[in-house]
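What follows is a short report on a single structure.
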Amino acid sequence: MTTRIQSQEGITLVVQSFGRWNEYRRAMLCVLSYAAVTGGRVNDVILFTDRPDVFADAFADLPVRYVLLTPEKIRSMRGQIDFLHRMKIALIEEAFGMTERPLLYVDSDAFFLKDLTPRVVGLSDAEALMHVREYEFGSLRNMPLPAGKPFRAFVELIDSHAFDVPSGTMRVSPEWSSWNAGIMAFHPSHRGLLAEVYQLTDQFFVPTGNHASEQYAFSIVLQNHTRIQPCDDAIYHYWYRVQKQVVDELLERELTFEVMKGSLQERIGVVKNWISGLPALLERHPAIIRDRAIQSLHENQWRKGFGLGLRYLSGKPNDGTFVRDMLYHLRRMLFNIN
């Protein structure tokens, strides 16, 4: 049985981590980076996980409460629509029932750069935080196919439908924005908004299959009921596939059992050293430069793509596959081939 925290001091950090070891290591970095930027002043952490035992050493001497994610609980959180990201709504709802503090939800693939506690504590019921504003919904109309199919489907859906919400029906404007929902901070009163988030998520996902449906629902509800502020200056969210690969390699190499068995101050010290240089590492890592070059060339951003490609090859001149990719895109550019 979980206990409810009644103190208004500080905030409650909410994280989820389940399924495999790279997910567990990401959660360790996330929580320990929060401890690092707060100088160890951590009031309350709720971790939803299938393996609390994995974190015993990493989170020793930290106020972490565990909520066990059984297969049955996961199925329930995914709902009748069987949508993985619907779990985020469900666990935030459960966390609201475990504390009276403001909530800071953070995806496990994120680490702290600054202490967000004062900003979260200072939220009124008319304010919320999300990681960063990404794009207007209308911009999804021209997403390249086939990958863009579920995004185009979402715009077509909001163009043609009104949606059921607790207060009646609503229309979604293509001029409204999608915000990254990997980090969100809530005033305690925002618990009452989750019913609307659930309803919109279900109505978005079923007809479109769009895996950003829960993000769109949070974005719409929060920008309609609150003033959203970004917090990307304080948290680095490495959600992109190649970024995750780079961080996972680092954590597998550096976040060893020996490190986790150190004192809390030793663990915090190790992580503090990482996070100070990790954003720069993610910017200059060869795998990320390579990926950015290919993405730019696919989008016909020739100057940027070839510039990044030459930068990558200066350190990896023997990557024959990449050289062939560069020559292919050079031919596209020279002969105007789409």
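Report the Stokes-Einstein translational diffusion coefficient (µm² s⁻¹, integer) for the range 54-152, Rh taken as the Kirkwood radius over Cα pairs, at 25 °C with viscosity 0.890 mPa s.
Here the translational diffusion coefficient equals 142 µm²/s.
Once the convex hull of all Cα atoms in the range 170-313 is built, its volume per residue stands at 186 Å³.
Full extension of the chain between LEU327 and SER76 gives 85.3 nm of extra length, using 0.36 nm per residue less the Cα-Cα distance.
A full extension of the chain between ASN300 and ALA147 corresponds to an added length of 53.4 nm, given 0.36 nm per residue minus the alpha carbon distance. Between ALA162 and ASN224, the FRET efficiency estimated from the beta carbon spacing at R0 = 22 angstrom works out to 0.95. Multiplying each eigenvalue of the alpha-carbon gyration tensor of the range 265-338 by 5 and taking the square root yields semi-axes of 34, 12, 8 Å, largest first, rounded to whole angstroms.
Dividing the summed -39500 (n - 2.57) terms of all DSSP H runs of n ≥ 4 by the residue count of the chain sets its mean residue ellipticity at 222 nm at -15000 deg cm²/dmol. Once you divide the Cα radius of gyration of the chain by 2.2 N^0.38 Å, the number left is 1.07. Could you give the nm distance between label points at ARG41 and LEU264, where each point is 7 Å from its Cα heading toward the beta carbon? So the two model labels end up 1.4 nm from each other. Distant-in-sequence amide contacts of VAL165, defined by a placed amide H-H separation under 5 Å and a gap of 5 or more residues or a different chain, comprise MET170. Solvent-free Debye calculation, one equal scatterer per alpha-carbon of the range 96-156: log10 I(q)/I(0) at 0.17, 0.19, 0.25, 0.28 Å⁻¹ equals -0.80, -0.85, -1.05, -1.21. Within the range 12-237, antiparallel bridges make up roughly 45 percent of the DSSP beta bridges whose residues both belong there. Based on Cα contacts under 8 Å between residues 6+ apart, the chain shows a relative contact order of 19 percent. Subtracting the Cα-Cα distance of ARG171 and ASP115 from their residue separation scaled by 0.36 nm leaves 16.5 nm. Peptides 31-40, 304-313, 64-73, 319-328 ranked from most to least packed, by the mean per-residue count of other Cβ atoms within 10 Å: 31-40, 304-313, 64-73, 319-328. Each part gets one Cα centre, and for the range 279-338 versus the range 92-162 those centres are 31 Å apart. Taking the chain as a Gaussian network of alpha-carbon nodes connected by springs under 10 Å, the highest mean-square fluctuation of the residues ALA280, ALA27, ALA153 belongs to ALA280.
Taken together, the values in this text are just the output of simple stated rules run on the coordinates, not laboratory data. Worth saying up front: this structure is predicted, and the values here are computed from it rather than measured. Reconstructed Cβ throughout: ideal geometry from the backbone, glycine too, with neighbour counts over all protein chains shown.
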